[in-house]
There are 2 protein chains.
Amino acid sequence: MISFLNLAELRQSDRKYSDIPVETEKLERCLEAARLAPSASNSQPWTFVAVNKNPLLNEVAKATVGPLNSFNNFVTQAPIIVAIVMEKPKMLTEWGGHVKKKEYPLIDIGIAAEHFCLQAAEDGLGTCMLGWFDEQKVKDLLSVPDEKNIPLLITLGYTPEGYKHRRKIRKSFDKTVHYNGYGKR
Amino acid sequence: MISFLNLAELRQSDRKYSDIPVETEKLERCLEAARLAPSASNSQPWTFVAVNKNPLLNEVAKATVGPLNSFNNFVTQAPIIVAIVMEKPKMLTEWGGHVKKKEYPLIDIGIAAEHFCLQAAEDGLGTCMLGWFDEQKVKDLLSVPDEKNIPLLITLGYTPEGYKHRRKIRKSFDKTVHYNGYGKR
């Protein structure tokens, strides 16, 4: 096992997948990691729909292709796509969100999605979170009730041999972290 | 080092803190883990304001006490509170968010916050994410510009000896995970 910082370094958005199928055990470990994620008031405002059967998989992939046509084209290579359906939070959280004008479930879904991706990275699998796709089309394809949303899709698969690990490009620590006041270093 | 699943099990919301101060090195490792978090289009729409000096720390803690007065009272014990300030994402992300009606930065902030908490758990520290607090008061205390928001605070500290690790209560795997269609097991 590697340290969490190394795991965070290892995880990256992978946009190329090989033909090697993903073991069910590994897929389910990623889903289990997501299931264990924390959420506001433990609402767990999510359902994970794992898509791994054609022609459905290919149809969902096609719904992610962007306006420039090549955008997201890699998604058709992924052997698995997981759709995260946003569920209603607990009433207390929903009320609190209204009062405080925060959509807590989106925060929660980010957390769960990242648990999925970190577990995948640990298991040698590649992932990419997708926020840009034809949501209505994906909802139709997966029979998701109209009143629910799908904030994210995640691709999952093995990357091809030689696929590059990139160094993270981030704002510097000093720019990102302030002490005891905004703008104070 | 432990497996990611074990780390996810280990991390919990800790609502009691001891007097032991947190080493700067450990605080900065948590912040570094958060800094490395992925975000839509790598926008990194966040600034972390770490508060560890009194009387400011105590003032921020008091701004989290809820309507029932005892709610969040534990926050006054935490030696460190980190405020996550939401920054504007890249223009493409902002435009995409408008078109797709998704507030991507909230998803990103959930991811970064969880990186912080997972790193803390690995280092034997306790954390609790707080979404309920007097945001205007915290903004005033930390000189956060009025147009920016603080979706989350995180408490950080050592838990007292004997503080209990709880078993996670979650919806079952079968309820949470569907295959190839919403509602399909």
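The values are calculated or read from the model by the stated rules, or taken from the named source; none is laboratory data. Only a predicted model underlies this, so the values are computations on that prediction, with no experimental measurement involved. Positions of Cβ are generated from backbone atoms using ideal geometry, with glycine treated the same way; all protein chains shown enter the neighbour counts. Remember, those area values only see protein heavy atoms, side chains included, never the ligands or the DNA or RNA. Shrake-Rupley method; radii C 1.70, N 1.55, O 1.52, S 1.80 Å.
Set side by side, the residues A:LYS102, A:LYS90 differ, and just one is open to solvent by 50 Å² or more (accessible area, probe 1.4 Å) and basic (Lys, Arg), which is A:LYS90.
Restricting region A:6-19 to residues that are open to solvent by 40 Å² or more (accessible area, probe 1.4 Å) and not in a loop (DSSP other than H, G, I, E, B), the residue that is farthest from A:LEU130 (Cα to Cα) is A:ASN6.
Taking the listed residues A:ASP19, A:ASP14, the one that is touching a strand residue (DSSP E or B) at 6+ places or on another chain (Cβ under 8 Å) and of a type in the set (D, E, K, R) is A:ASP14, with no other qualifying.
Of the residues making up region B:32-58, those that are within 15 Å of the chain's Cα centre (by Cα), part of a helix (DSSP H, G or I) and surrounded by fewer than 21 Cβ atoms within 10 Å (Cβ to Cβ) number 1. Can you spot a residue in region A:145-168 that is in contact with a His (Cβ under 9 Å, 6 or more places away or on another chain) and either touching a residue at least 12 places away in the same chain (Cβ under 8 Å) or over 20 Å from A:LEU56 (Cβ atoms) (or both)? There is no residue in region A:145-168 that is in contact with a His (Cβ under 9 Å, 6 or more places away or on another chain) and either touching a residue at least 12 places away in the same chain (Cβ under 8 Å) or over 20 Å from A:LEU56 (Cβ atoms) (or both).
Here B:LEU125 fulfils each of the conditions (1) within 15 Å of the chain's Cα centre (by Cα); (2) open to solvent by 50 Å² or more (accessible area, probe 1.4 Å) apart from (2).
Region B:66-149 holds helices (runs of 4 or more DSSP H) entirely within its bounds, and those carrying 3 or more residues that are facing chain A (nearest Cβ under 10 Å) and closer than 29 Å to B:LEU5 by Cβ map to B:104-122.
A count restricted to region A:112-159 and to residues that are modelled with pLDDT under 95 and of a type in the set (Phe, Trp, Tyr) stands at 2. Applying the criterion of being touching a residue at least 40 places away in the same chain (Cβ under 8 Å) and part of a helix (DSSP H, G or I) to the residues of region A:20-31, the residue that is surrounded by the most Cβ atoms within 10 Å (Cβ to Cβ) is A:CYS30. Under the condition of being within 20 Å of A:GLY126 (Cβ to Cβ) and either of a type in the set (Phe, Trp, Tyr) or more than 7 Å from every other protein chain (Cβ to nearest Cβ) (or both), the residues counted in region A:38-51 number 1.
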